[in-house]
Amino acid sequence: MDTKLTNITTGAIIELDDELYPSDEHEWSSLVSSTKYALDGTMIVEQSIRQAGKPYTMQAPSDMGFLTRSTVNALKAERDKLGATFWLDYRADGQVKRVKVIFDTTGEAITAKPVKDFISPSLDDLFIVTLKFLEIPNT
């Protein structure tokens, strides 16, 4: 498997399904603009390049990319570590890409829905997951 999340400080690795892919990869631009008007009506345009903050929402089609309950539990444990940063490796464009990320805890960073209903959950039960990250500067 090429898709994984590695805690940069501890080296802990969580293997993820290779079907997980950043569903929002084309919805972000590093170029940001701001416009305003001077008192004489002239439009002032300011532009700059964002240094970080690109969202990575890792999802798979609904019939693929399942993770076990034990993997979801491990992801939640990593999400809850204050200040933790990670390497996110995933396959795209015929190669493995690596970005430095944090969990996006401004909302639900991890959602996990069981593939099928169960009464007595076990660590092998499968879940459909969505993982939300934010890219941070690679320093």
Å² per residue, accessible surface of the chain at 1.4 Å: 62 Å²
- line: Distance in Å, no decimals, from the C-alpha centre of region 1-74 to the one of region 89-111 is 6 Å
message: My understanding is that a pair violates if its Cα-Cα distance is over 23 Å; which of LYS36/LYS132; LYS4/LYS76; LYS4/LYS81; LYS4/LYS116; LYS81/LYS116; LYS81/LYS132 do that in this structure?
response: LYS36/LYS132; LYS4/LYS116; LYS81/LYS116
- request: In debye, nearest 20, what is the charge dipole magnitude of region 25-72 about its Cα centre with +1 on Lys and Arg Cβ and -1 on Asp and Glu Cβ, if you could check?
  value: 200 debye
- request: Using R₀ = 25 Å, calculate the FRET efficiency as 1/(1 + (r/R₀)^6) where r is the Cβ-Cβ separation of LEU123 and SER62; round to 0.05.
  value: 0.65
field: Max mean-square fluctuation residue, GNM over the chain, Cα-Cα springs under 10 Å, options GLY107, GLY53, GLY94
entry: GLY94
field: Separation in nanometres of the label points that stand 7 Å from Cα toward Cβ, at ARG98 and MET1
entry: 1.9 nm
message: Please give the charge dipole size of region 1-119, origin at the Cα centre, charges +1 on K and R Cβ atoms and -1 on D and E Cβ atoms. Round to the nearest 20 debye.
response: 360 debye
task: Mind giving me the FRET efficiency for ILE136 and GLN47? R0 is 22 Å, r the Cβ-Cβ distance, nearest 0.05 is fine.
output: 0.50
query: Ranked by accessible surface with a 1.4 Å probe, highest first, in what order do ILE13, ILE110, ILE128 come?
result: ILE13, ILE128, ILE110
- prompt: Using Cα pairs under 8 angstrom and six or more residues apart, how large is the relative contact order of the chain, in percent?
  reply: 29 percent
query: Once every DSSP H run of n ≥ 4 in the chain is given -39500 (n - 2.57) and the sum is divided by its residues, what mean residue ellipticity at 222 nm do you get, rounded to the nearest 500 deg cm²/dmol?
result: -2500 deg cm²/dmol
- prompt: Given ALA112, LEU31, ILE44, which one lies farthest toward the positive end of the charge dipole of the chain, if we put +1 on the Cβ of every Lys and Arg and -1 on the Cβ of every Asp and Glu?
  reply: ILE44
query: With a sphere of radius 14 Å drawn around the Cβ of ARG98, what net charge do the other residues whose Cβ falls strictly inside it have (Lys, Arg +1; Asp, Glu -1)?
result: +1
- request: Provide the FRET efficiency to the nearest 0.05 for the LEU31-THR10 pair, computing r from the beta carbons and using R0 = 30 Å.
  value: 0.30
- request: Pull out the extension gain between THR111 and LEU82, defined as 0.36 nm times the separation in residues minus the alpha carbon to alpha carbon distance; nm, one decimal.
  value: 8.5 nm
query: How do 41-47, 71-77 rank on mean C-beta neighbours within 10 Å, highest first?
result: 71-77, 41-47
message: Taking volume of the Cα convex hull per residue in Å³ straight from the coordinates, which label in (1) 184; (2) 157; (3) 137 is the correct one?
response: (2)
- request: Tally up the carbon and sulfur contribution to the accessible surface of the chain as a whole percent, 1.4 Å probe, everything protein left in place.
  value: 51 percent
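The values are calculated or read from the model by the stated rules, or taken from the named source; none is laboratory data. Worth saying up front: this structure is predicted, and the values here are computed from it rather than measured. Cβ atoms come from the backbone with ideal geometry, glycine included; neighbour counts cover every protein chain shown. Ligands, DNA and RNA are stripped out before the accessible areas are found, and what is left, the full protein with its side chains, is counted by its heavy atoms. Shrake-Rupley method; radii C 1.70, N 1.55, O 1.52, S 1.80 Å.
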